[in-house]
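First comes the structure, then the notes that go with it.
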Amino acid sequence: MQKRHKLNLKSILRMLVSLLLIGIAAWGIGFGLISSFRVVGVAIAVGIFLFLIALVGLIGAVKHHQVLLFFYMIILLLVFIVQFSVSCACLALNKEQQSQLLEVGWNNTNSARTDIERNLNCCGFRVFDPNETCSSDCFRSHQCQPCAPIIEEYSGMVLRFVGGIGLFFSFTEILGVWLTYRYRNQKDPRANPSAFL
């Protein structure tokens, strides 16, 4: 009974995190902080996916449904592997790799570039070119600084933060897999005891 309660609590918390993720994505696009529908779409899709997985775990724990608990355990294990890998990659990037990754991202997207220039009040990646168009306020006075130093200042801190948080939650995922495995192998307390004889 105690494990079932812990499993239900983990599923409810996972549902709340998924709803929070969906809400933050909607808030970001509503206030104009994010103009890329691809980023918002991915955040909402991940939130919906986590919500459905948490719902499968909750229903499986309440009904003591072996198949749902098995699928919940397998999907949670896959989420752990992906989350652990991404967290380790975030923590392992050095400054040169971060700089290369930022430059590739800068060159391959226009909407994120516009958002960055507007929000950080900078123009261009490595050098400011007054002949290019820019959506920041400093462009009118031609006193802009390039965006790369500003982005690189925060990218290391953000990657360490995201990697640490992801690593922490990946270990809670493996705890959920272990609890699901343990609970799945218990007898259903509502079952007829003579049916097992």
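The values are calculated or read from the model by the stated rules, or taken from the named source; none is laboratory data. Since we're looking at a predicted model, the values are computed, not measured. Heads up, the Cβs are rebuilt from the backbone with ideal geometry, glycines too, and the neighbour counts pull from every protein chain shown. Accessible surface areas use protein heavy atoms only, side chains included; no ligands, DNA or RNA. Shrake-Rupley method; radii C 1.70, N 1.55, O 1.52, S 1.80 Å.
Tabulated results
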| item | result |
| --- | --- |
| Unmet requirement for residue 114, which otherwise passes all of (1) of a type in the set (Val, Ile, Thr); (2) open to solvent by 50 Å² or more (accessible area, probe 1.4 Å); (3) under 30 Å from residue 64 (Cβ atoms); (4) modelled with pLDDT under 85 | (3) |
| Qualifying helices (runs of 4 or more DSSP H) (wholly inside the stretch 36-128; at least 1 residues being of a type in the set (Gly, Ala, Ser) and touching a Ser or Thr at 6+ places or on another chain (Cβ under 8 Å)) | 37-63, 66-92, 111-120 |
| Checklist (1) farther than 22 Å from residue 99 by Cα; (2) part of a loop (DSSP other than H, G, I, E, B); (3) open to solvent by less than 30 Å² (accessible area, probe 1.4 Å) applied to residue 135, failing item | (3) |
| Residue list for the stretch 138-150, restricted to those being in a helix (DSSP H, G or I) and farther than 22 Å from residue 99 by Cα | 138, 139 |
| Residue identified as free of Cβ contacts under 8 Å to residues at least 60 places away in the same chain and surrounded by fewer than 13 Cβ atoms within 10 Å (Cβ to Cβ) among 141, 155 | 141 |
| The stretch 50-89, residues that are in contact (Cβ under 8 Å) with a residue 40 or more places away in the chain and of a type in the set (Val, Ile, Thr) | 62, 79, 86 |
